[in-house]
Every structure is written in C-alpha cells, then in structure tokens.
Amino acid sequence: MPKKIKNIIFDLDGTLIDSAPSILSGFKHVLNINGLEPLIPLTSSLIGPPLITTLGMVSGIDNKKKLQQMAEQFMSFYDIQGCFISQPYTAVDDGLNHLLDNGFKMHIATNKRLIPTKNILSHLGWDAFFYSVYTLDKAGESFQSKSDMIAHQLKDLDLSKDHTIYVGDRTEDLQAAQNNQLNFIGVSWGYGDFPKDVTFIETFDQLGFLVTS
C-alpha cells in the first residue's frame, strides 16, 4: 500500500457483524410458513449474495413472483425481529473508535438492504462512525453488483482510489475491490476465504497498522 489510506470502506455481514444467526433464522421462518424444507444446509456459507438469489438456492423455486413473495416474507420478519440478533465481532467497537479518532473516513458497502442495515447500525450505536452507507437498494439508486455499488460510491463521494481501501470477508469483496482498482484487506473470521496471496487480518485491532502506515 504505497500511499497513506484515508478512507476505509467496510463490508458489513461477516466483516463487522456476525449476522449468520439472524439471517438463517429468517430463511427458516420463510421456509416454514411456505411448508418447504431446505434443499441445502442452512449454514453461514449462504451469507452474502442478494436475498432472492439465496432464497432460490435454498428453496429450489425459480418462479420470480413466488421468490418475490418469499423475499417480502423474509423482510417483514428480518427487519422487525431478526436483524437485531446480529452482534459485532470481537474488538470491532474499540477498533472503529480508534480509526475514527485518528481521522479516517469510514464507509459501508453491503449487499444487505438499507432498512435492516440502518436498524443494525442504530441498534449498535454506530451511526456516527460511517460517512456513507451504500446498499444494493440505496434510496434513489439501483446497483447491479457490489462492484457497481462501490464504483458509484467512489464517484459520488470523490474518493481517491489511491487513498481508499476496502475491507471484506468474501471473494466477492476482493473482486469488487479489484474491479475498482482498490487495495483490499480480507478478514479471517467471516463467511468466505481467499487466495493465499491476499492480505488479511486475524483480529480487528490489526487494522491499527493503517494509523502508522
């Protein structure tokens, strides 16, 4: 990382919060009320892709109208109850405070929808940490992918690619960073894995190296 990082964009699920129990509870709820059994195990490996994509995978349904109905059922449950089960990973609270105190501008780019994202940030007392929050359904915009989302985030906020880094837990996050010519740091505790040559951290406080770099 040849230039000093000033802006940090974070993924949310699997990076800052352990959302697996809350999301999986939502999938179980939807399957139960539709009298369905999951076609694949409901594990943390499902966390990350867009909601309708995952609902199709676990249910085997490919009817768009039915999947949309199931997505609405998931959202009704998750937005009011499920999302609040999510908990921050160890040292994230202190780490975010440390980065904020040292002048970093922090942002979120997540496949999670805007309503539960905002609810979780408020519930955890994190509203003041993040300069921007981008989701696939961000009000007034529609993004085709996380790469597209981050491209708009960089452009909208005039963030220098040389001074910005993306932190995430899945290969999709790495690809989104690479597609936008961003430096990337992976986290070891999330829902994915990376090629051996990817820079990653094993505890959140290890991001503190950005303060002195």
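Data for the structure
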| read-out | value |
| --- | --- |
| Residue list for segment 172-213, filter: acidic (D, E) and surrounded by fewer than 15 Cβ atoms within 10 Å (Cβ to Cβ) | D193, D197, E202, D205 |
| Residue match in segment 112-122 (condition: under 21 Å from I5 (Cα atoms), at pLDDT 95 or above, surrounded by 13 or more Cβ atoms within 10 Å (Cβ to Cβ) and in contact with a helix residue (DSSP H, G or I) (Cβ under 8 Å, 6 or more places away or on another chain)) | no |
| Failed condition for K112, given (1) assigned to a loop (DSSP other than H, G, I, E, B); (2) without any contact (Cβ under 8 Å) to a residue 60 or more places away in the chain; (3) in contact with a Leu (Cβ under 7 Å, 6 or more places away or on another chain) | (2) |
| Residues within segment 123-151 that are surrounded by fewer than 15 Cβ atoms within 10 Å (Cβ to Cβ) and in contact with a Phe, Trp or Tyr (Cβ under 9 Å, 6 or more places away or on another chain), tallied | 2 |
| Of the criteria (1) open to solvent by less than 40 Å² (accessible area, probe 1.4 Å); (2) on the phi > 0 side of the Ramachandran plot; (3) not charged (D, E, K, R), which one G60 fails | (1) |
| Residue under evaluation L51, criteria (1) out of contact with any Gly (no Cβ under 8 Å at 6 or more places or on another chain); (2) over 21 Å from S142 (Cα atoms), criterion not met | (2) |
| Criterion violated by G140 - all others in (1) more than 15 Å from the chain's Cα centre (by Cα); (2) on the phi < 0 side of the Ramachandran plot; (3) part of a loop (DSSP other than H, G, I, E, B); (4) among the small types (G, A, S) satisfied | (2) |
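The values are calculated or read from the model by the stated rules, or taken from the named source; none is laboratory data. The structure presented is a predicted model; accordingly, all values stated were derived computationally and were not measured. Please note: Cβ atoms are built from the backbone with ideal geometry, for glycine as well, and neighbour counts cover all protein chains shown. Heavy atoms of the whole protein, side chains included, go into the accessibility calculation; ligands, DNA and RNA do not. Shrake-Rupley method; radii C 1.70, N 1.55, O 1.52, S 1.80 Å.
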